[in-house]
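Since the structure comes first, as structure tokens, the remarks are kept for the end.
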Amino acid sequence: MMPLRFIFLFLSISFSAAAQKDYKVWLQYDRITNTTIASEYKNNIKGIVCLGNSQTSQIALKELENAIVNMLGNKPIFKSEINGENNLIIGSQSSLNPDFKNILKDDFEKINNEGFIIKSIHFKNKKQLIITGKNDIAVLYGVFNFLRLMQTTTSIQNLNIADSPKINFRLLNHWDNLDRTVERGYAGFSLWNWQKLPEFIDQRYIDYARANASIGINGTVLTNVNANALILTPQYLEKVEALAGVFRPYGIKVYLTARFSAPIEIGNLKTADPKDPEVINWWKNKAAEIYKRIPDFGGFLVKANSEGQPGPQNYGRDHVDGANMLADAVAHFGGIIMWRAFVYSEHDANDRAKQAYAEFQPYDGKFKENVIVQVKNGPIDFQPREPFHPLFGAMQKTPLMMEFQITQEYLGFSTHLVFLPQLFQEVLESDTYQKGKGSTVAKVIDGTLYPNKLTGITGVSNIGNDLNWTGHPFAQANWYGFGRLAWNPYLDSQTIADEWLRCTFSNEENFIKPVKNMMIESREAVVNYMTPLGLHHIMDTGHHYGPGPWVSNLSRPEWNPTYYHKADKNGIGFDRSKSGTNAVSQYAPEVGKLFDNLQTCPEKDLLWFHHVSWDYKLKNGQTLWNGIALRYQEGVNQVTAMRDIWKKTEKYIDSERFREVEMLLEIQQKEAKWWRDACLLYFQQFSEKELPAGVEKPTQTLDYFKSLKFPFAPGN
Ligand code: GCW
């Protein structure tokens, strides 16, 4: 019998082992068991030569050492100069000798300032492997990409890679409050320990920067868009400065949210009117103060005149006045203003989906050149599915920044496994027809369609101080996938899933194949068991945890689920066609026509654009009522199938993460049934039809589901 003290020691080690696995996200660097590929790597990496001496170069070198020791089991030989062959050489263009510069001349032509080259070359009959770029951050990106090749057991025999990010600004938005709560956060508290900063630098800050650099994220907005002006006071700016110093060698710039009323709240001014000279001067001084501390400060993200946040409209001004005033304050320092278009009226309950376009389209071309307008992927609010936001097809003279939500506010919190790159890819591939066919959203945001100086994409972070960073082990794939799509918005989510699984869990094909399919399937599953066929915004109030299609008592009509589904005895759905609110007119004619016509409207968006009768015939011959009921059931079945798939993976991975995911899938299945039963019981009151064969009977009454309260649901 093992003495008690050893049991605790064992548990603490096993705990740290489990925590280690979870904590290391996709940078596991597990030993490569494939002997053929391992010997290929050893033969191609006889020595390592680092030509740079910056902090970033040292980070890259350490990363290589850590990875190679773990993956190959042998400590690489570090050389101070290039002798012998089969060296792995890392260094920026300026550190290369003239011969190497000449050999790579054409390759350097192919990459931008953040791009990297990974190339096998022959010099004086000796084979070398080079990772380079135009600066040390680009080299670091190259090193992480090279290590990803090794983690996925890709051959490195004859590499010839020249890869650049297609989008300039690749950011995370942390809806983190200064009290360390995270709005819509489901992975614990905010990473930023304001109380102990600036002196106490938590290792997590460094590990956060490393993980983000490994996927090419180059900016982070530290604070909530429902902003607190205190972050702009010296007391906090010295803390922000410390974080900026930690992130800088990883190529990550710091941004802050600017509360528009800050001049009043912390500046003792009487107004925040963007035309007021004192206000203009206050922001100029504030910018100068910040840049004095943080010379490479990225700029401000602003939520103004939205959901009660202060803004220029409080002073009879408009978004252009507000954004341009701030733009002038930071322009001299190279800063940008990310101005959010997430607005909807408190007075016009006509159709919330039309209001951001109506408010912002007329501003096209009026913003200063260092302003980028940040637009959510859909016109309402990060639903399991939305048609792309019409603004993406309507602003030809204004750079638009995509805002995706990585945290799962409407997609099951950090309890449900939902692989979001599927959703992101669907949006990015959407055709706006702005310049005819092929004018995809990806081409709008990466500047292909219009030569915008600024190009950007941001993800509302799902990160917290949970040991696995994201609450659900598979939610790490959403952080990872967002970063990979920010670098290349044309990547396929299958590729992303494959990479992530190999880097995070295993290269075993019998594990990869079924689990990748499960991830790809997971997005349709959540649409089916929450909001099939274009239904949307039918969640419960406030916390948005669980179904609430019956909710109709909120002060603002457009906060009520009944406003969105409009279920009645004749049918269900929101008529946004020409005969309804005519929201379809905000899209290009080709797109608007497609959505407007019942026959051509994609069924996945049917109830977003049309109110149709319960007997309406779907393309598969089912009535709408049966179709909705069967999709809810299909969603539950898909989660059941996910559980079955996961059960078979136990022998391929560590027992800790296996158990975590197994337990979370059990909750997901329970909650999928909850969504199905609550929604079908509620809608059945209007359809007055029986559940079709194949749909399980509800487990509880509608009154029971309506009675459920969750005063402490997270993130609210
Ligand atoms: O999705 C909604 C959320 C709010 C959020 C808001 C926004 C930060 O419910 O929590 O506020 O949108 O995007 O500003």
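The values are calculated or read from the model by the stated rules, or taken from the named source; none is laboratory data. Quick caveat, the model's predicted, so the values are computed rather than measured. Note: ideal-geometry Cβ built from the backbone for every residue, glycine included; neighbour counts use all protein chains shown. These accessible areas exclude ligands, DNA and RNA; they are computed on the full protein's heavy atoms, side chains included. Shrake-Rupley method; radii C 1.70, N 1.55, O 1.52, S 1.80 Å.
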Quiz item: Quick check: is even one residue across the stretch 179-188 open to solvent by less than 20 Å² (accessible area, probe 1.4 Å), over 27 Å from I372 (Cα atoms) and not in a strand (DSSP E or B)?
Solution: yes
Quiz item: In the stretch 409-423, what residues are touching a helix residue (DSSP H, G or I) at 6+ places or on another chain (Cβ under 7 Å) and either assigned to a loop (DSSP other than H, G, I, E, B) or farther than 15 Å from G378 by Cβ (or both)?
Solution: L411, G412, S414, T415, H416, L417, V418, F419, L420, P421
Quiz item: Of L269, L243, which residue is touching a Pro at 6+ places or on another chain (Cβ under 7 Å) and away from the ligand (no atom under 16 Å from the Cβ)?
Solution: L269
Self-check item: Residue list for the stretch 654-696, filter: among the hydrophobic types (A, V, I, L, M, F, W, C) and open to solvent by 20 Å² or more (accessible area, probe 1.4 Å)
Solution: M663, L664, I667, W674, L681, F686, L691, A693
Quiz prompt | Considering residues of the stretch 384-395 that are in a loop (DSSP other than H, G, I, E, B) and more than 16 Å from the ligand (Cβ to nearest atom) only, the residue surrounded by the fewest Cβ atoms within 10 Å (Cβ to Cβ) | solution = A394
Exercise. Starting from the stretch 166-192, take each residue that is on the phi > 0 side of the Ramachandran plot and list its partners that are among the small types (G, A, S) and more than 16 Å from the ligand (Cβ to nearest atom), counting only C-beta distances under 8 angstrom and pairs at least six apart or across chains.
Key: G188/G471
Quiz item: assigned to a loop (DSSP other than H, G, I, E, B), within 16 Å of the chain's Cα centre (by Cα) and in the same structural domain as N462 (by TED's automatic domain parsing) - does that describe any residue in the stretch 396-407?
Solution: yes
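Residue by residue, here is whether (1) away from the ligand (no atom under 16 Å from the Cβ); (2) assigned by TED's automatic domain parsing to the domain that holds T495; (3) of a type outside the set (D, E); (4) under 24 Å from Q28 (Cα atoms) holds:
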position: N135; (1), (2), (3), (4): yes, no, yes, no
position: N177; (1), (2), (3), (4): no, yes, yes, no
position: E183; (1), (2), (3), (4): no, yes, no, no
position: N228; (1), (2), (3), (4): no, yes, yes, no
Exercise. Starting from residues that are touching a Ser or Thr at 6+ places or on another chain (Cβ under 7 Å) and among the polar types (S, T, N, Q), keep the ones in the stretch 418-464 and report whichever is most open to solvent (accessible area, probe 1.4 Å).
Key: Q422
Practice problem: Could you list all residues from the stretch 295-313 that are out of contact with any strand residue (DSSP E or B) (no Cβ under 9 Å at 6 or more places or on another chain) and within 12 Å of the ligand (Cβ to nearest atom)? | Solution: N305, E307, G308
Quiz prompt | 1 or more residues surrounded by fewer than 19 Cβ atoms within 10 Å (Cβ to Cβ): qualifying strands (runs of 3 or more DSSP E) within the stretch 43-105 | solution = 47-50, 77-79
Practice problem: Check off (1) crowded, with 21+ Cβ neighbours inside 10 Å; (2) of a type outside the set (K, R); (3) at pLDDT below 95 for A477 and give me the number that stays unchecked. | Solution: (3)
